[in-house]
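Presented below is the structure to which this report refers.
The values are calculated or read from the model by the stated rules, or taken from the named source; none is laboratory data. As the structure is a prediction and not an experimental result, all values here were calculated from the model. Reconstructed Cβ throughout: ideal geometry from the backbone, glycine too, with neighbour counts over all protein chains shown.
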Amino acid sequence: MEKNISIAVDGPAGAGKSTISKLLAKQLEFIYIDTGAMYRAITYKALKLGIDTQDETMYEFIDDTSITLTKDNRVLVDEHEVTEEIRSTEISNNVSIVSSIKTVREKLVSLQRNIAEKNHVVMDGRDIGTNVLPNADVKFYLNASVDVRAKRRYLENSKKGIESNFEQIKQDIIKRDYLDSTRELNPLRKADDAIEVDTSALSIDEVVNKLIVIIKRKVEQ
């Protein structure tokens, strides 16, 4: 039986992981798994329920929660579409806390591994190469300067008609980096065997083309 190929893409907020991973999956005809969207979906429900997000015992609701990622990149929570809602500033400011909860991570990591076992996947997140798919065929760590990442988020908001403050976005990203890289459970870090790519001065197409060349070379070895 043909072995399923897995591509792990990690990196901090605003490094271009989701955009690049979606395009990679499309070109390779693989399934794209946005793990960040899954954690955002749980954060969305936790905030809707009004729970204390830092209290591990309050997450029993996760067993009765369904998360669906569609082929056209829409996100559904309990059959209700939340694609736009989970990208709000409120979700961004709370998702690091929710994703540090052991119960949440165990449930979602199990789901993510199950999908990867059955399909060719491009999966992005913060601990894919180090924890979720430690045996991924190819691992990337995308990075960019804080200023570049903040500018990308600012322009993203502007395109959506969302008012935002560049300096506030920058401070939020710095805080998010700190929370993600210092959390006790599976923190953000570059896997020892990951290929680091700085996307600061590269266009989206340049990054995708660079990664495609590396993937083809590694997979065909």
Can you tell me which of GLU79, GLU90 is farther than 19 Å from ILE173 by Cα and among the acidic types (Asp, Glu)? GLU79
Pairs, first free of Cβ contacts under 8 Å to residues at least 40 places away in the same chain in region 167-179, second surrounded by 17 or more Cβ atoms within 10 Å (Cβ to Cβ) and of a type in the set (Phe, Trp, Tyr), C-beta under 8 Å, six or more apart: ILE169/TYR154
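Being β-branched (Val, Ile, Thr), surrounded by 18 or more Cβ atoms within 10 Å (Cβ to Cβ) and either touching a Leu at 6+ places or on another chain (Cβ under 8 Å) or not in a helix (DSSP H, G or I) (or both) is the filter here, so list the residues in region 78-112 that pass it. Steps first, please.
Here is the first cut: in region 78-112, the residues β-branched (Val, Ile, Thr) are 82-83, 86, 89, 91, 95, 97-98, 101, 103-104, 109.
Checking the rest, the ones that are also surrounded by 18 or more Cβ atoms within 10 Å (Cβ to Cβ) come to 82, 86, 91, 95, 98, 101, 104, 109.
Of everything in region 78-112, those that are β-branched (Val, Ile, Thr), surrounded by 18 or more Cβ atoms within 10 Å (Cβ to Cβ) and either touching a Leu at 6+ places or on another chain (Cβ under 8 Å) or not in a helix (DSSP H, G or I) (or both) turn out to be VAL82, ILE91, ILE101.
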Starting from residues that are at pLDDT 90 or above and part of a loop (DSSP other than H, G, I, E, B), keep the ones in region 64-73 and report whichever is surrounded by the fewest Cβ atoms within 10 Å (Cβ to Cβ). SER66
Among the numbered conditions (1) crowded, with 20+ Cβ neighbours inside 10 Å; (2) over 18 Å from the mean Cα position of the chain (by Cα), tell me where ILE128 comes up short. (2)
Does region 37-46 contain any residue that is in a helix (DSSP H, G or I), without any contact (Cβ under 8 Å) to a residue 40 or more places away in the chain, crowded, with 16+ Cβ neighbours inside 10 Å and touching a Ser or Thr at 6+ places or on another chain (Cβ under 8 Å)? yes
Pairs returned, first residue in region 47-70 that is within 15 Å of LEU108 (Cβ to Cβ), second residue that is loosely packed, with under 10 Cβ neighbours inside 10 Å, beta-carbon separation under 9 angstrom, 6 or more apart or interchain, are SER66/GLU79; THR68/GLU79
Quick check on region 183-221: of everything there that is touching a Lys or Arg at 6+ places or on another chain (Cβ under 8 Å) and acidic (Asp, Glu), which residue is nearest to ALA13 (Cα to Cα)? GLU196
Near pairs, Cβ below 7 angstrom, 6+ apart or cross-chain, from region 5-22 (in a helix (DSSP H, G or I)) to any residue that is among the small types (Gly, Ala, Ser): LYS17/GLY11; SER18/GLY36
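From ARG113, ARG176, grab the single residue that is under 18 Å from ILE5 (Cα atoms) and under 15 Å from the mean Cα position of the chain (by Cα).
Numbers: ARG176 fails: under 18 Å from ILE5 (Cα atoms).
Every option except ARG113 fails the conditions.
Output the residues belonging to region 1-42 that are among the basic types (Lys, Arg) and more than 23 Å from ILE101 (Cα to Cα).
To start, the set of residues in region 1-42 that are among the basic types (Lys, Arg) comprises 3, 17, 22, 26, 40.
Matches in region 1-42: LYS3, LYS22, LYS26.
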Are any residues in region 149-170 among the polar types (S, T, N, Q) and surrounded by 13 or more Cβ atoms within 10 Å (Cβ to Cβ), and if so, which ones? ASN157, SER164
